[in-house]
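Dumping the structure here so I can ask a few things about it.
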Amino acid sequence: MSDVPALVISCWLNSNICKWKGVAMIKRMVRGPLLLTFTALLFISNYAMSLQDSALGAVGKIDENRIEKISALLSGKPAGFGLPISERSAWKKLSGNDSFKRVIPDAERLLKSPIPEQPDDLFLDFSRTGNRTRWQRISGRRRSRVSTLVLAECLENKGRFVPAFEEIVRVLCSERTWVMPAHDRSLTNFHGKSVDIDLGSSALAWSLGTADYVLADKLSPEIRRMLRDNLNRRIFQPYRDMVSGKRKKNWWMTGTNNWNAVCLAGVTGTALAVIDSRESRALFVAAAEDYSKNFLKGFTDDGYCSEGLGYWNYGFGYYIMLSEAIYQATDGKVDLLEDAKVKQAAAFGSKIEIINGVYPAFADCSIRAEPGSRLMYFISRRLGMGLRSWEQIDPATAGSLYQSMMYSFPNSASRSLPAQNASRGPGIRSWFDRAGILICRPVRSSSSSLAVALKGGHNNEHHNHNDVGSFVVVLGDRPLLLDPGGEVYTARTFSSRRYESKVLNSFGHPVPLVAGKLQRTGRQARGRIVREDFTEDTDTLVLDISSAYDVPELKKLQRTFVYSRQGSGSLTVTDEVVLSKPCDFGTALITFDKWQKLSASSLFIRDQDKALRVDIEVVGADFKIQPETIEEDLSGRRLPTRLGINLTKAVSRAVVRLTIRPAE
């Protein structure tokens with residue numbers, strides 16, 4: 001979960017897109033009730049990444065009867081995660097936990113350090129330059145003081161950190177807006193014309209609401225009034241108005257990506273922690289019940305998360321925190337985890353592993369991404385998944401305040417007995433048949449350590465890359481051939497210029513180049529499953545990927561993956577192309593590692609003690625290897641190499657076969 005902040009502050013969506021003139025044309029394109037389809041959105045621009053499924057149709061007015069029933073389940077007083085500072089035995093126990101050893105020394109350093117300045121000019125930096133990092137760095141340092149100072153005071157209970165906390169509250173409450181610059185591109189929040197709720201404002205609200213709950217009367221009446229006034233103005237009242245229909249809903253309320261779960265968790269968790277009226281708290285719970293269903297719709301019915309593993313940690317992690325906040329507030333009577341789709345979504349974290357702790361960096365994901373250990377602990381215990389290695393961790397953490405309180409104090413997962421039977425793991429394959437994603441692994445008893453991830457899908461997924469037909473090859477614990485993952489976010493990333501990026505368009509993926517054209521964007525660009533055939537020895541997946549290319553001459557483009565578990569293992573990737581007239585054709589491999597030519601038709605890819613051999617066979621023309629460094633800003637700071645395998649003449653028919661196996 002430590003990678004979450006970098007992901008949080010980097011996600012943006014223009015919530016005013018529905019004001020564009022193109023919407024009138026979209027309405028004419030849609031039959032029946034107004035649903036903004038992916039195709040219609042693409043008609044306006046290539047901006048579909050963050051908008052996928054975001055206009056499912058607004059949830060109607062919340063049922064008053066449901067609010068009344070929930071109100072009867074809530075306690076008379078608000079409560080957040082964890083326990084108030086007055087519960088000294090619980091806090092004394094926590095002070096002995098290794099995760100909290102650095103909290104007081106860190107807070108002492110903050111007492112000696114001034115709060116970083118965050119001038120208006122810094123907020124405007126994004127709208128002028130597209131740079132997110134400069135504002136985010138300063139804002140992160142300001143907002144993180146909340147958790148450190150509150151935890152230190154609760155652990156020590158001497159009052160010496162309270163003044164510093166009250167100072168940062170005054171500073172934060174004096175900010176023009178809590179919305180991040182990247183989420184306020186039109187500057188309507190900055191100029192006070194609108195009060196929207198985003199990832200940043202909802203998270204800050206939840207931190208401050210939790211602080212109010214745990215510190216309680218340790219805080220001055222002035223600060224508590226200031227906190228609640230700001231929470232009401234910046235979060236509660238705008239949200240009530242959206243739910244009641246008094247104003248337009250923020251897009252994430254009906255969106256299906258991580259924003260839905262994150263913002264709902266922040267808003268609802270804050271309300272449960274500080275709102276005195278039981279009936280008012282019930283409204284927030286009832287709204288969360290309804291609107292959070294949209295988040296689950298973002299998963300395919302096989303549980304696949306197209307946003308990638310990093311955003312699964314983030315979005316599903318917040319869904320879990322939302323569900324736990326409601327579960328605790330209603331004494332277990334309202335349980336969002338009872339939804340049948342939750343267990344499918346929860347299984348994603350273990351099923352997507354390729355081998356030995358390596359995961360595919362599909363979508364806007366880091367190549368270093370792995371499931372959050374606390375999230376895996378929680379879902380395994382709570383849902384009886386039997387993931388023993390994850391259940392053995394200590395989930396206590398001194399991270400964000402609300403997360404720290406949830407995981408460090410007793411919760412519904414820690415109170416649940418582990419499953420009687422331990423999970424045996426995902427086995428030799430994970431097949432997400434609805435998403436078109438296949439993970440192939442060797443038999444456990446095998447000497448082979450070669451495993452692969454194969455991707456069909458389509459080019460309008462959440463945090464989409466144009467990557468139909470992509471693949472990852474792992475040897476041991478090294479992804480030697482891969483998808484290079486996402487780029488460092490800038491204004492370009494979530495704009496009509498998104499696919500100028502050579503790691504987001506298909507150039508940065510191991511897929512064909514047809515008639516000089518990259519893959520196109522859109523749901524119609526998909527990997528249609530022609531055949532799948534899975535046995536103990538061999539897994540075969542055949543995809544028709546021709547729709548991914550806007551090439552009129554293209555009559556057939558079929559990619560066949562054959563993964564063999566025999567011997568040391570191998571992957572064969574075969575492209576069969578047919579065109580109505582001769583056109584250029586080529587494919588590619590992507591690697592961060594060293595490579596060399598062994599012969600005119602063989603390549604060697606290595607990383608320290610691991611190496612792959614790639615044998616290339618082409619029918620229909622000769623070919624040449626064209627290496628190119630992809631000059632884009634990636635989070636890992638390394639630059640990938642694209643090894644183009646390009647035919648030397650235009651062809652009307654050709655077969656390109658790559659056989660990948662461990663080098664001897």
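The values are calculated or read from the model by the stated rules, or taken from the named source; none is laboratory data. None of these values were measured; they are calculated from a predicted model. Backbone-built Cβ (ideal geometry, glycine too); neighbour counts: all protein chains shown.
Before we move on, is Gly476 in contact with a Leu (Cβ under 9 Å, 6 or more places away or on another chain) and within 20 Å of Tyr311 (Cα to Cα)?
Numbers: in contact with a Leu (Cβ under 9 Å, 6 or more places away or on another chain): yes; within 20 Å of Tyr311 (Cα to Cα): no.
Here the answer is no, as Gly476 does not meet what is asked.
Further question: Considering region 383-398 alone, what residues qualify as being touching a residue at least 60 places away in the same chain (Cβ under 8 Å), of a type outside the set (Ser, Thr, Tyr) and touching a helix residue (DSSP H, G or I) at 6+ places or on another chain (Cβ under 7 Å)? It would help to see each step written out before you state the result.
So the first thing to find is which residues in region 383-398 are touching a residue at least 60 places away in the same chain (Cβ under 8 Å), and the list is 394, 396-398.
Still in the list and also of a type outside the set (Ser, Thr, Tyr): 394, 396, 398.
Matches in region 383-398: Ala396, Ala398.
What residue, of Arg434, Arg429, Arg374, Arg415, is surrounded by 22 or more Cβ atoms within 10 Å (Cβ to Cβ), among the basic types (Lys, Arg) and modelled with pLDDT of 95 or more?
Details: Arg434 fails: surrounded by 22 or more Cβ atoms within 10 Å (Cβ to Cβ); Arg429 fails: surrounded by 22 or more Cβ atoms within 10 Å (Cβ to Cβ); Arg415 fails: surrounded by 22 or more Cβ atoms within 10 Å (Cβ to Cβ).
Going through Arg434, Arg429, Arg374, Arg415 in turn, just one is surrounded by 22 or more Cβ atoms within 10 Å (Cβ to Cβ), among the basic types (Lys, Arg) and modelled with pLDDT of 95 or more: Arg374.
Does region 324-332 contain any residue that is under 25 Å from Asn230 (Cα atoms), among the small types (Gly, Ala, Ser) and outside the structural domain of Phe494 (by TED's automatic domain parsing)?
yes
Assess whether Thr629 counts as being of a type in the set (Ser, Thr, Tyr) and under 15 Å from Thr587 (Cβ atoms). Walk me through it before giving the result.
Working: of a type in the set (Ser, Thr, Tyr): yes; under 15 Å from Thr587 (Cβ atoms): no.
The answer is no for Thr629.
Please list, ordered by residue number, the strands (runs of 3 or more DSSP E) wholly in region 519-595 having 3 or more residues that are of a type in the set (Val, Ile, Thr) and in contact with a Ser or Thr (Cβ under 8 Å, 6 or more places away or on another chain).
Working: elements: 522-526, 528-534, 538-544, 554-564, 570-583, 585-591.
Hits in region 519-595: 538-544, 570-583.
A follow-up question, please. What about Asp575, is it crowded, with 19+ Cβ neighbours inside 10 Å and acidic (Asp, Glu)?
Numbers: crowded, with 19+ Cβ neighbours inside 10 Å: yes; acidic (Asp, Glu): yes.
In short, yes.
All but one of (1) in contact (Cβ under 8 Å) with a residue 40 or more places away in the chain; (2) assigned to a strand (DSSP E or B) hold for Ala491; which doesn't?
Only one criterion in (1) in contact (Cβ under 8 Å) with a residue 40 or more places away in the chain; (2) assigned to a strand (DSSP E or B) is unmet by Ala491, namely (2).
When the residues of region 437-449 are narrowed to those that are part of a loop (DSSP other than H, G, I, E, B) and either polar (S, T, N, Q) or buried (at least 19 other Cβ atoms within 10 Å of the Cβ) (or both), which ends up nearest to the chain's Cα centre (by Cα)? Quick ask: steps written out before the conclusion?
Taking region 437-449 and keeping what is part of a loop (DSSP other than H, G, I, E, B), we get 441-449.
Going one step further and asking which of them are either polar (S, T, N, Q) or buried (at least 19 other Cβ atoms within 10 Å of the Cβ) (or both), we end up with 441-442, 445-449.
Working: Arg441: 24, Pro442: 28, Ser445: 34, Ser446: 33, Ser447: 34, Ser448: 31, Ser449: 28 Å.
In this case the residue turns out to be Arg441.
Of all residues being hydroxyl-bearing (Ser, Thr, Tyr) and in a strand (DSSP E or B) in region 596-614, which is nearest to Glu576 (Cα to Cα)? Just the residue, please. First the steps, then the outcome.
Of region 596-614, the ones hydroxyl-bearing (Ser, Thr, Tyr) are 599, 601-602.
Going one step further and asking which of them are in a strand (DSSP E or B), we end up with 599, 602.
Working: Ser599: 23, Ser602: 20 Å.
Checking each candidate, the answer is Ser602.
Residue under question is Thr641, and the condition is that it be more than 32 Å from the chain's Cα centre (by Cα), β-branched (Val, Ile, Thr) and crowded, with 16+ Cβ neighbours inside 10 Å; does it hold?
On the way: more than 32 Å from the chain's Cα centre (by Cα): no; β-branched (Val, Ile, Thr): yes; crowded, with 16+ Cβ neighbours inside 10 Å: yes.
Against the criterion (more than 32 Å from the chain's Cα centre (by Cα), β-branched (Val, Ile, Thr) and crowded, with 16+ Cβ neighbours inside 10 Å), Thr641 does not qualify.
Scan region 615-638 for residues that are in contact (Cβ under 8 Å) with a residue 24 or more places away in the chain, in a loop (DSSP other than H, G, I, E, B) and within 34 Å of the chain's Cα centre (by Cα) and report the count.
7
Something else now. Could you check region 609-638 and list, in sequence order, the residues that are farther than 20 Å from Ala361 by Cβ, surrounded by 12 or more Cβ atoms within 10 Å (Cβ to Cβ) and not β-branched (Val, Ile, Thr)?
Scanning region 609-638 gives Ala611, Arg613, Asp615, Glu617, Gly620, Ala621, Phe623, Gln626, Pro627.
Does Tyr311 count as under 14 Å from the mean Cα position of the chain (by Cα) and assigned to a helix (DSSP H, G or I)? Before you say what the answer is, go through the steps one by one.
On the way: under 14 Å from the mean Cα position of the chain (by Cα): yes; assigned to a helix (DSSP H, G or I): yes.
Judged against the criteria, Tyr311 is a match.
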